[in-house]
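What follows is a single structure, written as structure tokens, with notes after it.
Laboratory data are not the source of any read-out in this text; all were calculated from the coordinates shown. Fair warning: this is a prediction, and the values are worked out from it, not measured in the lab. Methodologically, a virtual Cβ is constructed for each residue, glycine included, from the backbone with ideal geometry; neighbour enumeration extends over all protein chains shown.
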Amino acid sequence: MSEFPHLERALKYHFGYDQFRPGQRQVIEAGLQNRDLLVVMPTGGGKSLCFQLPALIKGGLMVVVSPLIALMQDQVEALRNNNIPATFLNSSLNQYQVRSREHAILNGKVKLLYVAPERLVSDRFLPFLDLVQHQVGISAFAIDEAHCVSEWGHDFRPEYRQLILLRQRYPKVPTFALTATATDRVRADIIQQLGLREPTIHIASFNRQNLYYEVREKNKGSFAELLELIQDTEGSVIIYCLTRKKVDEIAFKLQHHQLSALPYHAGLSDEERSKNQTQFIRDDVRIMVATIAFGMGINKPDVRLVVHFDIPRNLESYYQESGRGGRDGEASRCTLFYSYGDVKTIEYLINQKPDPQEQLIAKQQLRQVIDYAEGTDCRRVIQLGYFGERFPGNCGNCDNCRSPKPMQDWTIEAMKFLSCVARCKERFGMAHIIDVLRGSKNQKVTQYEHDQLSTYGIGKDKTVDEWRMLGRSLLHQGLLEQTSDGYAVLKLNALSWEVMRKKRTVSLAVPVVQKISWKERSSKAEAAEMLLMRLRSLRKNLADQQSVPPYVVFPDSTLRLMAQVQPQSLEEFGKLSGVGSHKLAQYGEKFIHEIVAYRQENTAKSVNSQVNLGNGGNFPTETELLTLQLHKQGLSVEEIAEQRNLRPTTIIRHLADLIDKNQPVNFDLLVTPEKQQKICQVLDILGDISLTPIKEYLGNNYSFDEIRLARGKWRRNHKS
């Protein structure tokens with residue numbers, strides 16, 4: 001039996017959740033036993049709870065080290081909204097506010113204190129900590145984003161190295177180190193640099209099952225594809241670019257297409273960056289276009305699309321940045337646009353580094369990104385393999401698994417490749433092996449007399465790209481290994497010899513040029529959409545009144561439960577996941593009132609909504625009928641969207657579906673007859689395909705909305 005049987009009760013009371021996520025309970029129990037902890041949990045895995053709940057149960061103050069002002073303010077807002085006594089001390093406060101908060105801490109009125117590492121180890125702050133330890137006690141130090149302590153991580157912060165002072169100054173106070181990403185090397189560094197003593201180590205799977213990963217070729221039509229991705233997404237969007245110039249360019253173009261987008265990069269003033277970030281977090285702006293300067297510690301749980309319009313510098317950064325999607329566990333999409341031109345740009349930047357060892361590491365990291373982008377295996381196999389986690393493949397939620405390429409037997413080619421690695425005495429990288437196989441006469445091949453090897457020239461029938469694709473697949477399948485010292489030298493293993501001795505076959509997924517579509521994940525329970533929209537509107541109003549982000553009131557997942565379950569009493573409402581005791585008292589009656597009002601209106605309309613349903617059983621939904629009613633009153637798309645508190649793209653989708661369902665939509669008010677005729681002619685040629693190729697065919701004078709609407713009419717006319 002557990003030493004802490006009442007943890008679930010505390011979890012529901014403070015945070016509103018009925019059960020722990022995998023691994024959380026074990027970590028929390030170890031923390032309550034005053035053990036040092038190293039917790040590696042992916043973004044959205046619930047790592048904050050691993051120190052927040054112990055802080056509420058243990059005596060004294062939990063000191064949380066957090067690297068960014070935005071992150072600590074965000075977390076403190078969310079905790080206070082659950083009636084949890086938390087505060088922060090940082091440079092955004094004046095002297096009076098600092099003194100007032102310090103006074104509350106010394107009087108035992110605060111359970112969690114968030115502070116930046118620079119302040120924590122300062123000469124002014126350490127004596128205050130001594131006083132806290134003496135008067136109320138320190139329950140633990142929680143080092144969030146602990147990978148920042150390691151030079152081998154992706155966000156190294158030198159000031160994190162000074163945190164070893166805490167262990168020396170307070171040897172009996174446990175330290176909890178928490179991070180979302182850490183390779184073996186980084187984990188070892190965290191333990192050493194923070195002086196952790198025999199820590200309880202918990203490493204959760206890095207697999208974010210709710211994220212759909214895809215890679216698309218970047219070309220002149222990619223911006224049109226980006227627009228379509230945004231049109232098909234319900235929720236917030238982050239777009240990452242490599243340079244400030246590209247960020248400004250993409251943000252400007254999106255604004256030109258009437259999309260609410262803001263830039264974020266180091267070239268903006270602190271005030272402008274902070275303002276843009278706040279607008280994004282509070283749902284006043286839907287799209288953030290950013291360099292990697294944006295994101296670490298952004299706690300927005302409802303990002304539904306993360307686009308890398310340029311390739312990232314390394315896989316760890318990509319995992320972290322793409323992982324900002326779907327932190328609430330709901331389905332989200334991660335799209336990477338890839339081009340050889342981006343590779344050349346990053347190679348140029350790497351060559352500017354003064355330290356040769358840094359250049360080597362950066363080049364190896366870039367090769368891993370290229371492997372990922374050009375790989376034909378399951379994206380998760382490649383991504384999780386980077387963190388030392390074996391994944392069997394066939395995830396069912398990436399482009400390579402959803403649209404698998406045809407498999408071909410490449411055993412003979414694999415034997416040639418591995419044999420060439422052996423003949424070159426396992427001392428060279430992939431490019432050299434391919435040169436030998438293809439019979440290159442370059443200086444390096446002749447210098448080592450590899451033009452004399454039996455494998456020289458035996459692979460002329462395959463292109464460099466085909467051999468590279470095979471080499472990468474051999475690495476991903478574990479049939480070949482590569483050194484991690486920056487030089488990426490190929491090494492054989494036991495499985496390599498099995499292939500060469502004809503005891504193991506090798507199959508290769510061969511890419512096919514095709515358009516990948518992602519339809520089935522974006523629409524959920526249309527019947528509850530109307531109520532969900534009303535609940536979102538109520539949540540936004542309540543959040544604005546308190547000047548907090550909407551998700552601090554309730555996360556999307558809890559709103560969806562409300563829309564599905566439709567609780568009628570405080571008792572029913574309190575049973576929902578995400579509704580704790582404080583939020584039940586603070587918001588319960590307001591949301592129940594909205595739900596009851598919706599049900600009454602819905603009942604009154606249910607008889608009337610059977611009128612004008614059209615023929616053939618292809619009936620409009622209630623939300624479409626409401627849009628149709630306003631359309632008949634002569635309101636524009638924008639006016640309907642504003643009145644219904646929906647996005648114009650949602651109204652366009654309603655109207656397109658209404659046209660498809662033979663409803664009386666005045667089509668000429670939406671698209672000019674000339675454009676209707678032209679779009680229908682193109683559809684006659686191309687058929688019923690996705691919007692992007694149609695737009696590419698028609699050019700910039702035609703919007704996605706016009707094409708979507710005309711396609712609805714075209715579909716109706718082509719029904720049998």
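Using +1 at the C-beta of Lys and Arg and -1 at the C-beta of Asp and Glu, which of Val121, Pro693, Asn442 has the Cα lying farthest in the positive direction of the dipole of the chain?
Asn442
Would you mind checking the pairs Lys632/Lys695; Lys172/Lys275; Lys12/Lys109; Lys405/Lys441 and listing those with alpha carbons more than 30 angstrom apart?
Working: Lys632/Lys695 28 Å; Lys172/Lys275 42 Å; Lys12/Lys109 22 Å; Lys405/Lys441 34 Å.
Going by Cα-Cα distance, Lys172/Lys275; Lys405/Lys441 fall outside the 30 Å limit.
Past 19 Å, Cα to Cα, is the threshold; run Lys218/Lys678; Lys300/Lys575; Lys245/Lys300; Lys58/Lys111 against it and keep the listed order. Walk me through the numbers on the way to the answer.
Details: Lys218/Lys678 28 Å; Lys300/Lys575 24 Å; Lys245/Lys300 25 Å; Lys58/Lys111 9 Å.
Beyond 19 Å between Cα atoms: Lys218/Lys678; Lys300/Lys575; Lys245/Lys300.
List the extent of the Cα atoms of the range 7-203 along each of their three principal axes, largest first, rounded to whole Å.
Principal-axis extents of the range 7-203 (Cα, largest first): 44, 39, 30 Å.
Hey, which aspartates and glutamates would be in cross-link range of Lys540, C-alpha to C-alpha under 13 Å, not counting anything within fewer than 8 residues on its own chain?
Asp283, Asp284, Asp556
Using the Cβ atoms and a cut-off under 10 Å, what net charge is assigned to the surroundings of Asn207, where Lys and Arg are +1 and Asp and Glu are -1?
Cβ neighbours under 10 Å give a net charge of +1.
What are the semi-axes of the equivalent ellipsoid for the range 524-608, taken as the square roots of 5 times the Cα gyration tensor eigenvalues, largest first, in whole Å?
Values: eigenvalues 91, 41, 29 Å².
In descending order, the three semi-axes are 21, 14, 12 Å.
Under unit Cβ charges (Lys, Arg +1; Asp, Glu -1), what dipole magnitude, rounded to 20 debye, does the chain have relative to its Cα centre? Show your work: numbers first, answer last.
Numbers: 93 positive and 83 negative charges, 169 e Å.
The dipole magnitude comes to about 820 debye.
Taking Cα pairs under 8 Å and at least six residues apart, what relative contact order does the chain come out at, in percent? If you can, show how the numbers build up before the last one.
On the way: 1099 pairs, mean separation 80.6, N = 720.
After rounding, I find 11 percent.
Classify the range 292-360 as rounded, prolate or oblate, taking a ≥ b ≥ c as the square roots of the eigenvalues of its Cα gyration tensor: rounded when a/c is under 1.5, otherwise prolate if a/b is larger than b/c and oblate if not. Working shown, then result.
Numbers: a/c = 3.40, a/b = 1.98, b/c = 1.72.
In terms of gyration-tensor shape, prolate.
As I understand it, the dipole of the range 211-402 uses +1 on the Cβ of Lys and Arg and -1 on the Cβ of Asp and Glu, about the Cα centre. Which of Thr345, Leu315, Phe252 lies farthest toward its positive end?
The residue sitting farthest along the positive end of the dipole is Thr345.
So, in nm, how far is label Tyr487 from label Gln600 when the simple model puts each one 7 Å beyond its Cα toward the Cβ?
7.9 nm
Please list, or write none, the lysines whose alpha carbon is within less than 27 Å of the alpha carbon of Lys444, excluding same-chain residues fewer than 8 places away.
Lys444 reaches Lys344, Lys353, Lys363, Lys416, Lys425, Lys460, Lys462, Lys491.
At a 10 Å Cβ-Cβ cut-off, how would you order Trp410, Trp497, fewest neighbours first?
On the way: Trp410 22, Trp497 14.
Listed from fewest to most nearby Cβ atoms, that is Trp497, Trp410.
In whole Å, largest first, what are the principal axis extents of the Cα atoms in the chain?
87, 80, 53
Quick one: net charge around Ala710, please, counting Lys, Arg +1 and Asp, Glu -1 for every other residue with C-beta under 14 Å from its C-beta. Kindly include the intermediate steps, with their values, before the conclusion.
Details: positive: Arg653, Lys675, Lys678, Lys695, Arg708, Arg711, Lys713, Arg715, Arg716; negative: Asp657, Asp660, Asp668, Glu674, Asp684, Asp688, Asp705, Glu706.
For residues surrounding Ala710, the net value is +1.
Lys425 to His6: extension gain in nm, 0.36 nm per residue of separation minus the Cα-Cα distance? Intermediate results must be reported in sequence, preceding the final value.
On the way: separation 419, 0.36 × 419 = 150.84 nm, distance 6.11 nm.
In short, 144.7 nm is gained.
If R₀ is 25 angstrom, what is the calculated FRET efficiency for the pair Arg197 and Gln162, using the beta carbon separation as r and rounding to 0.05?
Numbers: r = 19 Å, r/R0 = 0.75.
That pair, Arg197 with Gln162, gives E of 0.85.
For the range 524-608, what is the charge dipole size about the Cα centre, in debye to the nearest 20, if Lys and Arg each add +1 at the Cβ and Asp and Glu each add -1 at the Cβ? The partial results should precede the final answer.
Numbers: 11 positive and 9 negative charges, 23 e Å.
Using only the charged Cβ atoms, the result is roughly 100 debye.
Which of Asp657, Asp451, Asp130 comes first, and how do the rest follow, when ranked by fewest Cβ neighbours within 10 Å? Intermediate results must be reported in sequence, preceding the final value.
Numbers: Asp657 20, Asp451 16, Asp130 13.
So the residues, fewest neighbours to most, are Asp130, Asp451, Asp657.
Could you pull out every one of the aspartates and glutamates with an alpha carbon less than 16 Å from that of Lys502, ignoring same-chain neighbours closer than 8 positions?
Asp409, Glu413
Provide Tyr17, Tyr212 in ascending order of the number of other Cβ atoms located within 10 Å of each residue's Cβ, fewest first. Display every interim value, and only then the final one.
Numbers: Tyr17 18, Tyr212 24.
Starting with the residue having the fewest Cβ neighbours, the order is Tyr17, Tyr212.
Note down the magnitude of the dipole of the range 1-151 about its Cα centre, charges +1 on Lys and Arg C-beta and -1 on Asp and Glu C-beta and zero elsewhere, to the nearest 20 debye. The partial results should precede the final answer.
Numbers: 14 positive and 14 negative charges, 94 e Å.
Using Cβ point charges on Lys, Arg, Asp and Glu, the range 1-151 gives about 460 debye.
Among Ser274, Gly459, Ala180, whose Cα lies farthest out toward the positive end of the dipole of the chain, if unit charges sit on the beta carbon of Lys, Arg (+1) and Asp, Glu (-1)?
Of the options given, the answer is Gly459.
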